[in-house]
Ligand SMILES: Nc1ncnc2c1ncn2[C@@H]1O[C@H](COP(=O)(O)OP(=O)(O)O)[C@@H](O)[C@H]1O
Ligand SMILES: [Mg+2]
(Lines give C-alpha, C1' and ligand atoms only; values in the text may rest on other atoms or scores of the structure.)
(Ligands and ions follow the chains in the order given, each with its own letter.)
Protein backbone atom coordinates (compact mmCIF):
# COMPACT_ATOMS: atom_id res chain seq x y z
CA UNK A 1 0.00 0.00 0.00
CA UNK A 2 1.39 3.38 -0.96
CA UNK A 3 1.11 6.01 1.78
CA UNK A 4 0.16 8.63 -0.76
CA UNK A 5 -2.67 10.85 -1.93
CA UNK A 6 -2.94 12.11 -5.48
CA UNK A 7 -5.73 14.50 -6.45
CA UNK A 8 -5.84 15.99 -9.92
CA UNK A 9 -8.36 18.53 -11.22
CA UNK A 10 -11.07 17.33 -8.88
CA UNK A 11 -14.45 19.02 -9.25
CA UNK A 12 -17.52 18.19 -7.18
CA UNK A 13 -21.00 19.63 -7.61
CA UNK A 14 -24.28 19.44 -5.73
CA UNK A 15 -26.84 19.87 -8.45
CA UNK A 16 -25.55 22.74 -10.55
CA UNK A 17 -23.59 24.25 -7.67
CA UNK A 18 -19.83 23.66 -7.70
CA UNK A 19 -18.48 22.83 -4.24
CA UNK A 20 -14.93 22.03 -5.43
CA UNK A 21 -13.32 23.22 -8.63
CA UNK A 22 -10.09 21.91 -10.19
CA UNK A 23 -8.59 20.87 -6.88
CA UNK A 24 -5.13 19.36 -7.23
CA UNK A 25 -2.60 18.36 -4.59
CA UNK A 26 -0.25 15.52 -3.80
CA UNK A 27 1.06 14.00 -0.60
CA UNK A 28 3.75 11.56 -1.64
CA UNK A 29 4.89 10.59 1.83
CA UNK A 30 3.18 10.38 5.21
CA UNK A 31 2.54 13.73 6.82
CA UNK A 32 0.03 15.92 8.59
CA UNK A 33 -2.10 18.19 6.41
CA UNK A 34 -4.31 20.86 7.96
CA UNK A 35 -7.09 22.23 5.77
CA UNK A 36 -8.61 25.64 6.48
CA UNK A 37 -11.13 27.73 4.64
CA UNK A 38 -14.28 29.77 5.20
CA UNK A 39 -17.69 28.21 5.82
CA UNK A 40 -18.98 26.47 2.74
CA UNK A 41 -15.56 26.40 1.07
CA UNK A 42 -15.76 22.67 0.39
CA UNK A 43 -13.65 21.25 3.24
CA UNK A 44 -16.12 18.54 4.23
CA UNK A 45 -16.78 17.83 0.56
CA UNK A 46 -13.06 17.26 0.01
CA UNK A 47 -12.88 14.64 2.78
CA UNK A 48 -15.97 12.90 1.38
CA UNK A 49 -14.47 12.90 -2.10
CA UNK A 50 -11.27 11.32 -0.73
CA UNK A 51 -13.39 8.59 0.84
CA UNK A 52 -15.48 8.11 -2.28
CA UNK A 53 -18.71 8.95 -0.44
CA UNK A 54 -19.53 11.50 -3.14
CA UNK A 55 -18.73 11.10 -6.78
CA UNK A 56 -16.86 13.90 -8.51
CA UNK A 57 -18.01 15.35 -11.81
CA UNK A 58 -14.39 15.46 -12.98
CA UNK A 59 -10.88 14.65 -11.87
CA UNK A 60 -8.65 11.85 -10.64
CA UNK A 61 -8.40 10.74 -7.01
CA UNK A 62 -6.01 8.08 -5.73
CA UNK A 63 -5.74 7.39 -2.02
CA UNK A 64 -3.24 4.89 -0.53
CA UNK A 65 -2.84 3.50 -4.04
CA UNK A 66 -6.59 2.87 -4.50
CA UNK A 67 -8.56 4.64 -7.19
CA UNK A 68 -11.51 6.52 -5.75
CA UNK A 69 -14.44 6.11 -5.99
CA UNK A 70 -14.12 2.76 -7.84
CA UNK A 71 -11.94 1.06 -5.19
CA UNK A 72 -13.45 2.85 -2.20
CA UNK A 73 -14.51 -0.34 -0.39
CA UNK A 74 -10.93 -1.65 -0.36
CA UNK A 75 -9.74 1.77 0.76
CA UNK A 76 -12.22 2.04 3.63
CA UNK A 77 -10.53 -0.71 5.66
CA UNK A 78 -7.42 1.47 5.95
CA UNK A 79 -9.07 4.79 6.78
CA UNK A 80 -10.26 6.24 10.05
CA UNK A 81 -12.88 8.96 9.50
CA UNK A 82 -14.15 11.38 12.12
CA UNK A 83 -17.09 13.23 10.57
CA UNK A 84 -18.04 16.76 11.56
CA UNK A 85 -19.78 16.44 14.90
CA UNK A 86 -22.95 14.38 14.94
CA UNK A 87 -25.21 14.67 17.93
CA UNK A 88 -26.27 11.28 19.19
CA UNK A 89 -29.86 10.72 20.17
CA UNK A 90 -29.65 10.68 24.00
CA UNK A 91 -32.49 8.14 24.22
CA UNK A 92 -30.35 5.56 22.41
CA UNK A 93 -28.76 3.21 24.95
CA UNK A 94 -25.39 3.08 23.21
CA UNK A 95 -22.34 2.44 25.37
CA UNK A 96 -18.89 3.90 24.75
CA UNK A 97 -17.53 0.45 23.85
CA UNK A 98 -20.30 0.00 21.25
CA UNK A 99 -19.27 3.23 19.54
CA UNK A 100 -15.60 2.29 19.42
CA UNK A 101 -16.26 -1.33 18.41
CA UNK A 102 -18.38 -0.06 15.50
CA UNK A 103 -15.12 0.74 13.73
CA UNK A 104 -13.93 -2.84 14.21
CA UNK A 105 -17.29 -4.31 13.11
CA UNK A 106 -17.05 -2.37 9.86
CA UNK A 107 -13.53 -3.71 9.43
CA UNK A 108 -14.53 -7.37 9.95
CA UNK A 109 -17.65 -7.14 7.87
CA UNK A 110 -21.18 -7.33 9.21
CA UNK A 111 -22.16 -10.66 10.70
CA UNK A 112 -18.64 -11.73 11.62
CA UNK A 113 -18.08 -12.23 15.33
CA UNK A 114 -15.68 -9.89 17.07
CA UNK A 115 -12.46 -11.42 18.30
CA UNK A 116 -10.23 -10.75 21.26
CA UNK A 117 -8.04 -8.57 19.01
CA UNK A 118 -11.01 -6.31 18.27
CA UNK A 119 -11.68 -5.65 21.94
CA UNK A 120 -7.99 -5.03 22.54
CA UNK A 121 -7.77 -2.55 19.64
CA UNK A 122 -10.87 -0.73 20.92
CA UNK A 123 -9.44 -0.51 24.43
CA UNK A 124 -6.04 0.67 23.15
CA UNK A 125 -7.77 3.37 21.10
CA UNK A 126 -9.71 4.56 24.15
CA UNK A 127 -6.47 4.67 26.13
CA UNK A 128 -4.87 6.84 23.46
CA UNK A 129 -7.50 9.52 24.16
CA UNK A 130 -7.60 8.84 27.93
CA UNK A 131 -11.14 7.47 27.90
CA UNK A 132 -10.48 3.88 28.95
CA UNK A 133 -12.40 4.30 32.22
CA UNK A 134 -15.61 4.98 30.28
CA UNK A 135 -15.79 1.60 28.48
CA UNK A 136 -19.19 0.64 29.95
CA UNK A 137 -20.66 4.15 30.23
CA UNK A 138 -23.62 5.30 28.15
CA UNK A 139 -22.22 7.46 25.36
CA UNK A 140 -25.03 9.99 25.74
CA UNK A 141 -23.95 10.74 29.33
CA UNK A 142 -20.57 12.09 28.24
CA UNK A 143 -19.68 15.74 27.73
CA UNK A 144 -19.20 17.03 24.19
CA UNK A 145 -15.43 16.84 24.52
CA UNK A 146 -15.55 13.29 25.86
CA UNK A 147 -17.85 12.22 23.03
CA UNK A 148 -15.44 13.69 20.52
CA UNK A 149 -12.59 11.70 22.08
CA UNK A 150 -14.65 8.51 21.73
CA UNK A 151 -15.30 9.27 18.06
CA UNK A 152 -11.56 9.72 17.58
CA UNK A 153 -11.02 6.39 19.35
CA UNK A 154 -13.48 4.75 16.94
CA UNK A 155 -11.33 5.99 14.05
CA UNK A 156 -8.07 4.94 15.72
CA UNK A 157 -9.39 1.46 16.55
CA UNK A 158 -9.09 0.28 12.94
CA UNK A 159 -5.33 0.97 12.97
CA UNK A 160 -5.71 3.21 9.93
CA UNK A 161 -3.03 4.20 7.43
CA UNK A 162 -4.97 7.42 6.84
CA UNK A 163 -6.97 9.52 9.28
CA UNK A 164 -9.51 12.05 8.00
CA UNK A 165 -10.81 14.39 10.67
CA UNK A 166 -13.48 17.03 10.13
CA UNK A 167 -13.13 19.87 12.65
CA UNK A 168 -12.43 17.55 15.59
CA UNK A 169 -11.29 20.45 17.77
CA UNK A 170 -14.35 22.66 17.31
CA UNK A 171 -16.36 23.26 20.43
CA UNK A 172 -14.30 21.03 22.72
CA UNK A 173 -12.59 22.01 25.96
CA UNK A 174 -8.88 22.81 26.18
CA UNK A 175 -7.97 19.50 27.85
CA UNK A 176 -9.72 17.54 25.11
CA UNK A 177 -7.93 19.57 22.45
CA UNK A 178 -4.61 18.73 23.99
CA UNK A 179 -5.43 15.04 24.41
CA UNK A 180 -6.63 14.77 20.81
CA UNK A 181 -3.60 16.55 19.39
CA UNK A 182 -1.23 14.37 21.39
CA UNK A 183 -2.95 11.20 20.14
CA UNK A 184 -2.80 12.45 16.54
CA UNK A 185 0.85 13.40 16.87
CA UNK A 186 1.62 9.85 18.04
CA UNK A 187 -0.12 8.50 14.91
CA UNK A 188 1.79 10.88 12.64
CA UNK A 189 5.03 9.71 14.26
CA UNK A 190 4.05 6.12 13.41
CA UNK A 191 3.82 7.09 9.74
CA UNK A 192 0.04 7.48 9.50
CA UNK A 193 -1.18 10.07 6.99
CA UNK A 194 -3.43 12.70 8.55
CA UNK A 195 -5.75 15.20 6.96
CA UNK A 196 -7.53 17.42 9.40
CA UNK A 197 -10.03 20.18 8.72
CA UNK A 198 -9.70 22.95 11.29
CA UNK A 199 -11.42 26.28 11.77
CA UNK A 200 -8.50 27.63 13.74
CA UNK A 201 -4.94 27.00 12.59
CA UNK A 202 -3.32 28.15 15.81
CA UNK A 203 -3.46 24.87 17.75
CA UNK A 204 -2.15 22.84 14.81
CA UNK A 205 0.53 25.04 13.26
CA UNK A 206 3.35 23.27 15.04
CA UNK A 207 2.00 19.82 14.23
CA UNK A 208 1.29 20.32 10.55
CA UNK A 209 3.71 19.45 7.77
CA UNK A 210 1.38 20.80 5.11
CA UNK A 211 -1.39 23.38 5.04
CA UNK A 212 -4.11 23.85 2.46
CA UNK A 213 -6.15 27.01 2.13
CA UNK A 214 -9.38 26.05 0.43
CA UNK A 215 -12.05 28.29 -1.01
CA UNK A 216 -13.80 26.02 -3.51
CA UNK A 217 -10.44 26.09 -5.29
CA UNK A 218 -7.06 25.53 -3.68
CA UNK A 219 -5.87 29.00 -2.74
CA UNK A 220 -2.59 27.62 -1.45
CA UNK A 221 -1.07 24.26 -0.64
CA UNK A 222 2.40 23.58 0.66
CA UNK A 223 4.70 23.44 3.63
CA UNK A 224 3.41 25.44 6.57
CA UNK A 225 5.89 28.28 6.10
CA UNK A 226 5.15 28.61 2.39
CA UNK A 227 1.40 28.89 2.90
CA UNK A 228 1.12 30.98 6.01
CA UNK A 229 1.35 34.43 4.53
CA UNK A 230 -0.95 37.28 5.56
CA UNK A 231 -1.70 37.94 1.90
CA UNK A 232 -2.77 34.36 1.10
CA UNK A 233 -4.83 34.01 4.28
CA UNK A 234 -6.52 37.36 3.70
CA UNK A 235 -7.36 36.36 0.13
CA UNK A 236 -8.77 33.01 1.22
CA UNK A 237 -10.98 34.47 3.91
CA UNK A 238 -11.83 37.78 2.27
CA UNK A 239 -10.76 39.70 5.33
CA UNK A 240 -7.60 41.03 6.90
CA UNK A 241 -5.65 38.28 8.59
CA UNK A 242 -2.54 39.00 10.58
CA UNK A 243 0.30 36.78 11.70
CA UNK A 244 2.43 37.69 14.67
CA UNK A 245 5.24 35.87 16.34
CA UNK A 246 5.36 36.14 20.11
CA UNK A 247 7.89 34.24 22.21
CA UNK A 248 8.62 32.04 19.23
CA UNK A 249 4.95 31.08 18.96
CA UNK A 250 2.93 31.92 15.90
CA UNK A 251 -0.40 33.66 16.44
CA UNK A 252 -2.81 33.99 13.55
CA UNK A 253 -5.77 36.28 14.04
CA UNK A 254 -8.67 37.66 12.09
CA UNK A 255 -9.80 34.58 10.18
CA UNK A 256 -11.57 32.61 12.86
CA UNK A 257 -15.12 32.39 11.58
CA UNK A 258 -16.71 30.09 14.18
CA UNK A 259 -18.78 27.67 12.16
N1 LIG B 1 -25.63 17.61 0.52
C2 LIG B 1 -25.53 18.82 -0.03
N3 LIG B 1 -26.45 19.26 -0.92
C4 LIG B 1 -26.34 20.46 -1.49
N5 LIG B 1 -25.34 21.34 -1.23
C6 LIG B 1 -24.40 20.96 -0.36
C7 LIG B 1 -24.44 19.69 0.29
N8 LIG B 1 -23.37 19.59 1.11
C9 LIG B 1 -22.70 20.74 0.99
N10 LIG B 1 -23.31 21.57 0.12
C11 LIG B 1 -22.83 22.90 -0.30
O12 LIG B 1 -21.54 22.76 -0.85
C13 LIG B 1 -20.67 23.78 -0.37
C14 LIG B 1 -19.49 23.20 0.38
O15 LIG B 1 -19.96 22.57 1.55
P16 LIG B 1 -18.99 21.90 2.61
O17 LIG B 1 -18.10 20.95 1.90
O18 LIG B 1 -19.85 21.33 3.69
O19 LIG B 1 -18.15 23.15 3.12
P20 LIG B 1 -17.32 23.37 4.47
O21 LIG B 1 -17.11 22.02 5.09
O22 LIG B 1 -16.06 24.02 4.04
O23 LIG B 1 -18.13 24.28 5.33
C24 LIG B 1 -21.54 24.71 0.46
O25 LIG B 1 -22.00 25.76 -0.33
C26 LIG B 1 -22.68 23.83 0.88
O27 LIG B 1 -23.86 24.57 1.10
MG1 LIG C 1 -17.56 21.27 6.94
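Of note:
- A residue that is away from ligand 2 (no atom under 13 Å from the Cβ) and assigned to a strand (DSSP E or B) occurs somewhere in region 34-52.
- Some residue of region 209-217 being touching a helix residue (DSSP H, G or I) at 6+ places or on another chain (Cβ under 7 Å), within 16 Å of ligand 2 (Cβ to nearest atom) and farther than 13 Å from residue 37 by Cβ: no
- The conditions of being part of a strand (DSSP E or B) and within 16 Å of ligand 2 (Cβ to nearest atom) are not met by residue 194.
Condition check ((1) more than 8 Å from ligand 1 (Cβ to nearest atom); (2) in contact (Cβ under 8 Å) with a residue 12 or more places away in the chain; (3) touching a strand residue (DSSP E or B) at 6+ places or on another chain (Cβ under 8 Å)) across all residues:
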| site | (1), (2), (3) |
| --- | --- |
| 8 | yes, yes, yes |
| 15 | no, no, no |
| 22 | yes, yes, yes |
| 31 | yes, yes, yes |
| 34 | yes, yes, yes |
| 39 | no, yes, no |
| 43 | no, yes, yes |
| 65 | yes, yes, no |
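- As for region 191-204, it holds no residue that is touching a helix residue (DSSP H, G or I) at 6+ places or on another chain (Cβ under 9 Å) and free of Cβ contacts under 8 Å to residues at least 24 places away in the same chain.
- Failed item in (1) in a helix (DSSP H, G or I); (2) out of contact with any helix residue (DSSP H, G or I) (no Cβ under 7 Å at 6 or more places or on another chain); (3) in contact (Cβ under 8 Å) with a residue 24 or more places away in the chain; (4) away from ligand 1 (no atom under 16 Å from the Cβ), with residue 177 passing the rest: (2)
- Restricting 244, 186, 259 to those that are under 20 Å from the mean Cα position of the chain (by Cα), loosely packed, with under 15 Cβ neighbours inside 10 Å and either at pLDDT 95 or above or away from ligand 2 (no atom under 16 Å from the Cβ) (or both) reduces the list to 186.
The values are calculated or read from the model by the stated rules, or taken from the named source; none is laboratory data. Note that this is a predicted model, so its numbers are computed, not measured. Note that each Cβ is placed from the backbone with ideal geometry, even for glycine, and that neighbours are counted across all protein chains shown.
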